[in-house]
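Asks: Take a look at this one; I'll ask things after.
The values are calculated or read from the model by the stated rules, or taken from the named source; none is laboratory data. The structure displayed is predicted, hence computed values, not measured ones. Note that each Cβ is placed from the backbone with ideal geometry, even for glycine, and that neighbours are counted across all protein chains shown. Keep in mind that these areas ignore ligands, DNA and RNA; they rest on the heavy atoms of the full protein, side chains included. Shrake-Rupley method; radii C 1.70, N 1.55, O 1.52, S 1.80 Å.
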Amino acid sequence: MAKITIVGNAAVLKSDLKKEDIQELKKYCPKALTVWGGEDNKEPMFSIGLTNGGEGKINKYGIEFPTAAADGCVTLTQVRKESPEEIVNAVADDWAIAVKYLNQLESVIPHVLESVRAERQQLMGSITVLQ
Amino acid sequence: MIQVKLGNNLQRSTVIVDSNATIRSVLEDAGIDYGAGITTLNGSTLHPGDFEKTFDDFGIKEDCMLYSVRKADNA
């Protein structure tokens, strides 16, 4: 489950998802990084991805994670303008939708990764090298 | 991430893309031919150099509309 930490005037969102897992899915199964809804589950509701450095972005349509923590889990840090008394409520208001969808993805992605890796193993096993 | 409502004379769709994605890449991924019509982003016409710009470059924060409309001559 995603965790939010407030350090001074910075809010840090840390996901359980690892950067390399997101990269792997982006390559082999990019649709798994999106929450689908609407009619027939064909409308994209929310998506996650990686960005090269910078601050990253978080809004009701998705999260672009710029960094990973030492354990490889993706993080996003946002410097906030609110006072110490207001910051917790403000972050909860701004990030509620994003965190809800992120938690949904965190519960589904490990199973998708297992399936992607199993398929890849099967493919690797079927490759014959002639020398 | 940016929600982009895009389309042309015949099709409409909604996608969610990276804010660093270029206008061209989003149109091409959606299979929209932008070469024969007028392409607008939030109602403003895009010029040739604009297609290599990203949504971030245009200051798009959350969502936008990207349409490529071909105006055909009537008999």
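Asks: How high is the relative contact order of chain B, given as a whole-number percent (alpha carbon pairs under 8 Å, six or more residues apart)? Please list the in-between numbers first.
Replies: On the way: 120 pairs, mean separation 32.5, N = 75.
Reported relative contact order: 43 percent.
Asks: Within region A:26-131, what percent of beta bridges assigned by DSSP are antiparallel, to the nearest 5?
Replies: DSSP beta bridges in region A:26-131 are roughly 70 percent antiparallel.
Asks: Roll a 1.4 angstrom probe over the protein heavy atoms and tell me the percent of accessible area of chain A that is carbon or sulfur.
Replies: 52
Asks: I've got another one for you. Give me the distance in nm between label points sitting 7 Å out from Cα along the Cα-to-Cβ direction at B:HIS47 and A:ASN9, one decimal.
Replies: 3.8
Asks: Here's another thing I want to ask about it. Within the accessible area of region B:15-75, what % is carbon and sulfur when the probe is 1.4 Å and the other protein chains stay in place?
Replies: Values: 1720 of 3580 Å².
Carbon and sulfur atoms account for 48 percent of the accessible area of region B:15-75.
Asks: Then there is this: Report, in deg cm²/dmol and to the nearest 500, the calculated mean residue ellipticity at 222 nm for chain B, where each DSSP H run with n ≥ 4 adds -39500 (n - 2.57) and the sum is divided by the residue count.
Replies: The helix-only estimate for chain B comes to -2500 deg cm²/dmol at 222 nm.
Asks: Note the direction-averaged projected area, equal to a quarter of the hull surface, for the Cα convex hull of region A:1-83, in nm².
Replies: 6.4
Asks: For region B:15-75, compute Rg over Rh where Rg is the Cα radius of gyration and Rh is the Kirkwood radius from the inverse mean 1/r over Cα pairs.
Replies: Looking at region B:15-75, the ratio lands at 0.99.
Asks: Can you give the accessible area per residue of chain B, in Å², using a 1.4 Å probe?
Replies: 57
Asks: Just the number please: accessible area per residue for chain A, 1.4 Å probe, all protein chains included, in Å².
Replies: For chain A, the solvent-accessible area averages 62 Å² per residue.
Asks: Just for the Cα atoms in region B:1-40, what are the lengths along the principal axes, largest first, rounded to whole Å?
Replies: 27, 16, 16
Asks: Now, a different point. Can you tell me the orientation of helix A:19-28 relative to chain A, as the angle in degrees between its alpha-carbon axis and the longest Cα principal axis, to the nearest 10?
Replies: Helix A:19-28 sits roughly 50 degrees off the main axis of chain A.
Asks: From the C-alpha coordinates alone, can you work out the Kirkwood hydrodynamic radius of the protein assembly as shown, in Å?
Replies: 19.0
Asks: Quick check on my link table: of A:LYS18/A:LYS100; B:LYS5/B:LYS61; A:LYS14/A:LYS42; A:LYS3/A:LYS57, which ones sit more than 21 Å apart, alpha carbon to alpha carbon?
Replies: In this structure, A:LYS14/A:LYS42 lie more than 21 Å apart at Cα.
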